Amino acid sequence: QVQLVESGGGLVQAGGSLRLSCAASGRVFSINAMGWYRQAPGKQRELVATITSGGDTNYADSVKGRFTISRDNAKNTVYLQMNSLKPEDTAVYYCYLFRGGYWGQGTQVTVSS
């Protein structure tokens with residue numbers, strides 16, 4: 001059984017930064033792609049960023065140049081560095097393991113104007 005546990009969310013002013021972490025259990029982590037998604041109130045869950053096992057990354061247009069996804073396979077952890085945050089980035093952020101379709105419990109990010 002794979003478990004994903006996110007941390008690092010919180011309240012920040014516009015223009016600020018946060019770093020989200022997602023710690024994964026199990027041996028599947030290092031050989032699989034991971035992603036970060038977010039869901040704002042009243043909206044559908046949307047893809048924010050992905051990273052392959054080899055470190056290739058992809059970003060939603062809305063976060064390009066501001067967010068950076070990275071991973072540490074030795075620690076079974078994926079990160080999302082979020083800079084220049086905007087009020088529209090407010091959402092619950094979830095990490096996702098593509099193989100098997102596992103989700104974390106989510107962490108709230110709130111950006112005040």
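The values are calculated or read from the model by the stated rules, or taken from the named source; none is laboratory data. This is a predicted model, so every value here is computed, not measured. We place every Cβ from the backbone using ideal geometry, glycine too, and count neighbours over all the protein chains shown. Calculation scope for accessible area: heavy atoms of the full protein, side chains included, ligands and nucleic acids excluded. Shrake-Rupley method; radii C 1.70, N 1.55, O 1.52, S 1.80 Å.
Quick notes
- Beta bridge orientation in the chain: antiparallel %, DSSP, nearest 5: 90
- Contact order normalised by residue count of the chain, Cα under 8 Å, 6+ apart, percent: 37
- Sulfur and carbon atoms: percent of accessible area, the chain [1.4 Å]: 46
- For the pair LYS86 and VAL2 in one chain, pulling the backbone fully straight at 0.36 nm per residue adds 27.0 nm over the alpha carbon distance.
- Binning the C-alpha pair distances of the chain at 5 Å intervals from 0 yields a P(r) profile of 2, 13, 25, 26, 19, 10, 4, 1, 0 %, listed from the shortest bin outward.
- The magnitude of the dipole of the chain, with charges of +1 and -1 set on the Cβ of Lys/Arg and Asp/Glu and taken from the Cα centre, is near 120 debye.
- Lys/Arg +1, Asp/Glu -1 at C-beta; the chain dipole; positive extreme among GLN39, ASN76, GLN105: ASN76
- Annotation: per residue accessible area for the chain equals 52 Å², rounded to a whole number [probe 1.4 Å, protein chains only].
- For the pair segment 81-113 / segment 12-62, the C-alpha centres are spaced 7 Å from each other.
- Hydrodynamic radius of segment 49-113 by the Kirkwood approach over all distinct alpha-carbon pairs: 13.0 Å.
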